[in-house]
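The values are calculated or read from the model by the stated rules, or taken from the named source; none is laboratory data. Please read all numbers here as calculations on a predicted model, not as lab measurements. We place every Cβ from the backbone using ideal geometry, glycine too, and count neighbours over all the protein chains shown. Just so you know, the surface numbers come from the protein's heavy atoms only, side chains and all, with ligands and any DNA or RNA stripped out. Shrake-Rupley method; radii C 1.70, N 1.55, O 1.52, S 1.80 Å.
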Amino acid sequence: MHVEHTDYDASSLASILEYAKQLEGKTLREACNLDDIEDSHKRKGSFGDALEEYYFHYANNSDPNPDFVEVSTELKSTPLKVKRNGDYSAKERLVISLINYMSVVGETWETSSLQKKLRHILLVAYQYDKDLNPVDFLIKIVELWGIPEEDLPTFKHDWDTVVDKIRAGRAHELSGSDTLYLEAATKASSSKDRRPQPYSPIPAKPRAWAIKQSYMTVTFNHLLHVQSIRRTRDEGTLDLLELVKRRFEPYTGLTEEELAEVCGYSWAGRRKPKNLCALITKHILGVDEDLKIAEFEKAGIKAKTMRLKRNGVPKESISFPAFSYFDLAERAFEESDFLGYLRQKYLFVIYREDRREHGTFHLSEVLFWQMPDADIVEAKRCYEEMQRRVRAGHAERSVTSTENRCCHVRPHGRNKADTLPTPYGSEATKKCFWINARYIGEEIDRVKRADSRSATSRRAHGLGDEVAKNTIRVAELFAGVGGFRLGLEGYQDPDHPEFDMPAAGPFVTVWANQWEPPGAFTKQFAARCYRKRFGDDSVVNQDIHAVLDAYEDGAIDIPDVDMVVGGFPCQDYSVAKPLAQAEGIVGKKGVLWWDIYRFLQLKGCPRFVLLENVDRLLKSPASQRGRDFAIILSCFATLGYAVEWRVVNGAQYGFPQKRRRVYIYAEKADSGWNLEDRIEHGVIAEAFPAEISGDMRCIELLSDPYENSEEFGVGLKQSPFENAGCMQGGTVVTVAMSPVFDGPKMTLGDVLVPDEEVPEEYYVDDEKLEKWQYLKGGKKEPRVNKRTGFEYLYSEGAMAFPDPVDAPARTILTSEGGGSASRSKHIVQVGDGRYRRLVPDELDQLQGFPKGWTDTGMSDIQRAFCMGNALIVGIPHRIGEVIARRTAEED
């Protein structure tokens, strides 16, 4: 913008700089005769606004052109903080300009407005003091500054990384951990603010181009002992990662000892230097060993040796300094040193174990790594659990690596006598937080494959403009191995054509959550399967309750969605407090329905909801028949949803398994429903035709979920809810319905694999057949309760033995796996007369998944567990087809 003022000549850079230099050593109170400005604790930018208005005499603006347009120079002010050793560091990143998602995709680095602004910056740095008004902040540095020539390739690479993500329709996934010097920093007044992006229907957080805090610290600290990497002529255009990779490449295959000797650091007969990795890295990059690597300091990078065993897991976890028990007990995670450690960016110098020579490790590759934002949530869980134990007087009880996927706590002292005081007067062994070795191994693998996206995501991001406009964005809760996603979105992956499945419509899953309590790594096999099939970043593998806490705190983002889907367990849904109280409805902790309800609230009540549960939900609990379902319907009513439900038995609609589940479809309806008509002509009725076989019943729910929890179903011996019904505004119509289906019907025999694909261990030995026959046979026999000694008559009916292959299979349970005899497991007789259990590939297909879907490295028992928890994929597919068709007709 053009500036006219007699204090300086706005067309002369020398005049502007001479005038600006008068600020050094002064405050705005002294330089501008200001008494007060808005407190920067309340609003960032108040110092900069005052500097522009009262010293340089131009109004604050959002003009994309430089502030001093006639000399192509940008004015930027930024705070400094004083470290304990007296050095200065940047207090925050340096924000340059807002990112316009719609226009930046048409730019190149060379033509970008950002690149022009970074060439000439008039930098004003002031000493921040939280106890002072901004008019009294002391201005320490006024310099005309631009990006050094040697850093331009890395800035260009960072810019390309961000813009390529926007071009791929992934602006909503941008993160500071993507880049080294430059980042796309969040820039919003509210955690819910969103902006459109050009190649995806998913709104993204507003972001701004910003130079990272670590880079600015090096820029300001002229006394910092640093040295830039010496580049050869042909390395001038390489970004930092390319440069580091090229330098290390000639040494690939050497052991650490051999590499150390090449670099002049042999330690024969002496202890290996603790900073050997840093010394080797400096030598290879051409930096003197007594200086710091300037590029690493600017990006906040620390070199770290990682030795990976043959299974890909590092030999050691990453440890941090020992913590103070007092600090841990008092400081919130957001204020902790631990969070600062987790934000560290590493250069991993990776050695992999020789396949033939145990214990010998060879240099394999180098890569940059920083803990992703989503995993910070899991690390927070570790911190807060250890904090809880210390506060409860149990500092001796560490959080183990089996309790948390990312981090754990263990001793970090010289010996047991090396202790620290605790808040409750005793001493406890020094401890510190560690990043789990297995997690690091997974992350190294993820980073190596970061450029590969799932086929479904590629298809979604490649949607044409018209299709993208009509896309139905889906969040999949309690995702398991992706049954809802597969049914709605279908599957296409050139690497796995055998898994191809059609989509039900323009559904795109933009967020998913899967978590198997109590959180141990060994329990997360379903999430690993989901990632294997849909991509590394396809699912958040953390406790949904903690994830929603983090979202409310603004620590993470969850994209906006049009539809929420999920299968949730039948639990105790009772309500502790009424809606009228300030904190609203409060349900029992750990009951997953309340996380669904909370998700709907936090995401502004997406238009569609599709849920699956056992049909027992309509009747439970025995003490108040129908209460739990009444609570759920009442919750939907409070959010303005109209609801359909139906119990669907898969076998009655052609699927090869008798599996009765209740499907709940909810919609934010713009108009009133004719409930009786909706039962026969609604979304579920169109997907699964049925005829009325009983009398319709009308029920009025109580107005508050709490009242339904307290009063609904009291004294009833039978639930008032039939296998079908609708609800809107608290009015319920329900009726018994019978399926109408004359299409092809599949049987158990249709999914049996050829005999040659069945491992021998699945066949039942002749001597064990008698036990199988006993367990599946009818019984009427006396038994004794082991606890009370009471004798009673136990009876149960007979089951088919073997299971008939010319009929649908019985319901698959989570206990289907394993070789022991069981009443609930399937057993079939094959052509040679032998009996065998079902193999996992058959279980996959009984649920409508492609053959081999769960064959991702998990055990056969785990595969069976996943299928026992899954749904029949074809059911949400048929419902999705109706939703998609009706939505298209609206347009």
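Cβ-Cβ distances below 7 Å connect the following pairs, each with a first residue in the range 21-37 that is under 20 Å from GLU143 (Cα atoms), a second residue that is part of a loop (DSSP other than H, G, I, E, B) and open to solvent by less than 100 Å² (accessible area, probe 1.4 Å), and a separation of six or more residues or different chains: THR27/PHE137; LEU28/LEU34; ALA31/LEU23. If the condition is being in a helix (DSSP H, G or I), in contact with a Pro (Cβ under 7 Å, 6 or more places away or on another chain) and modelled with pLDDT of 90 or more, then the range 89-126 contributes TYR101, MET102.
Here are some conditions: (1) buried (at least 18 other Cβ atoms within 10 Å of the Cβ); (2) free of Cβ contacts under 8 Å to residues at least 24 places away in the same chain. GLY359 meets all but one. Which one does it not meet? All conditions pass for GLY359, except number (1).
Quick grid of which residues meet (1) in contact with a Phe, Trp or Tyr (Cβ under 9 Å, 6 or more places away or on another chain); (2) open to solvent by 40 Å² or more (accessible area, probe 1.4 Å); (3) of a type in the set (A, V, I, L, M):
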| site | (1), (2), (3) |
| --- | --- |
| ASP158 | yes, no, no |
| ALA171 | yes, no, yes |
| LEU180 | yes, no, yes |
| SER191 | yes, yes, no |
| PRO196 | yes, yes, no |
| LEU243 | no, no, yes |
| THR252 | no, yes, no |
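Output the number of residues of the range 780-790 satisfying the condition of being more than 49 Å from the chain's Cα centre (by Cα) and either closer than 23 Å to ARG823 by Cα or in contact (Cβ under 8 Å) with a residue 60 or more places away in the chain (or both). Residues meeting the conditions: 5. For the range 405-432, a residue qualifies if it is in contact with a Pro (Cβ under 9 Å, 6 or more places away or on another chain) and touching a residue at least 60 places away in the same chain (Cβ under 8 Å), and the qualifying residues are HIS412, ALA428, LYS430, LYS431, CYS432.
The residues on offer are GLY868, GLY818, GLY833, and the sole one that is without any contact (Cβ under 8 Å) to a residue 60 or more places away in the chain and either in a helix (DSSP H, G or I) or crowded, with 18+ Cβ neighbours inside 10 Å (or both) is GLY868.
Would you check if there is a residue in the range 575-591 being modelled with pLDDT of 85 or more and not in a strand (DSSP E or B)? Within the range 575-591, not a single residue is modelled with pLDDT of 85 or more and not in a strand (DSSP E or B). Kindly establish whether ILE284 is within 30 Å of THR179 (Cβ to Cβ) and over 30 Å from the mean Cα position of the chain (by Cα). Yes; evaluated as a whole, the condition is true for this residue.
Scanning the range 506-534 for residues that are assigned to a loop (DSSP other than H, G, I, E, B), open to solvent by 20 Å² or more (accessible area, probe 1.4 Å) and over 15 Å from SER859 (Cβ atoms) returns PRO506, TRP515, PRO517, PRO518.
So that you can scan it fast, the table gives a plain yes or no per residue for (1) modelled with pLDDT of 80 or more; (2) surrounded by fewer than 23 Cβ atoms within 10 Å (Cβ to Cβ); (3) within 21 Å of THR814 (Cα to Cα):
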| residue | (1), (2), (3) |
| --- | --- |
| VAL474 | yes, no, no |
| ASP493 | yes, yes, no |
| HIS496 | yes, yes, no |
| ASN541 | yes, no, yes |
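Once the range 295-351 is narrowed to residues that are open to solvent by less than 70 Å² (accessible area, probe 1.4 Å) and of a type in the set (S, T, N, Q), the residue that is farthest from ILE440 (Cα to Cα) is SER324. If you go through the range 714-721 one residue at a time, do you hit one that is of a type in the set (Val, Ile, Thr), free of Cβ contacts under 8 Å to residues at least 60 places away in the same chain and surrounded by fewer than 19 Cβ atoms within 10 Å (Cβ to Cβ)? Among the residues of the range 714-721, not one is of a type in the set (Val, Ile, Thr), free of Cβ contacts under 8 Å to residues at least 60 places away in the same chain and surrounded by fewer than 19 Cβ atoms within 10 Å (Cβ to Cβ), which makes the answer no. With respect to the stated conditions, GLU257 is surrounded by 12 or more Cβ atoms within 10 Å (Cβ to Cβ) and not in a loop (DSSP other than H, G, I, E, B).
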